[in-house]
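Have a look at the structure below before the remarks.
The values are calculated or read from the model by the stated rules, or taken from the named source; none is laboratory data. Here the structure is a predicted model, which means the values were calculated and not measured. Ideal geometry is used to build each Cβ from the backbone, glycine not excepted, and the neighbour counts take in all protein chains shown. Remember, those area values only see protein heavy atoms, side chains included, never the ligands or the DNA or RNA. Shrake-Rupley method; radii C 1.70, N 1.55, O 1.52, S 1.80 Å.
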Amino acid sequence: MITLTEAAAAKVKFNLAQRPTGLGLLIGVRTTGCSGLAYKLEYVDQLRTVQDYDNYNCHGVDIWVNPKDMPYLSGMKMDWVRRGLNEGFDFINEREKARCGCGESFTI
């Protein structure tokens, strides 16, 4: 299961409210970068696009995850952080073995 901090849930809810039909968040991984994998986030606007995905709710946010991505994501926590002038989602995943120097990709 993936969890969101209250700060991450508030940011996702804010972003969903800006969309005409924002329903939730799709979280996954993709192959890329020098370490092999990167986190992928998409806002869900239509349920038919996620009909074969696992669904659960955290702090009032519907989250969908492709079952094939769960071995990489299970137990991950997503936070919304501000560091100086930068802000964004931070992925806290105990399964990560390493991240590339730029922080774009990771390996399990």
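Observations
- Within the stretch 27-49, tally of residues that are touching a residue at least 40 places away in the same chain (Cβ under 8 Å) and under 21 Å from residue 80 (Cα atoms): 7
- Leading residue by the ranking (modelled with the lowest pLDDT) among those in the stretch 1-60 that are more than 14 Å from residue 73 (Cα to Cα), basic (Lys, Arg) and open to solvent by 70 Å² or more (accessible area, probe 1.4 Å): 48
- Scanning the stretch 1-37 for residues that are among the small types (Gly, Ala, Ser) and touching a strand residue (DSSP E or B) at 6+ places or on another chain (Cβ under 9 Å) returns 7, 8, 9, 10, 22, 24, 28, 33, 35, 36.
- Test: residue in the stretch 60-82 that is out of contact with any Ser or Thr (no Cβ under 7 Å at 6 or more places or on another chain), over 24 Å from residue 108 (Cα atoms) and among the small types (Gly, Ala, Ser): yes
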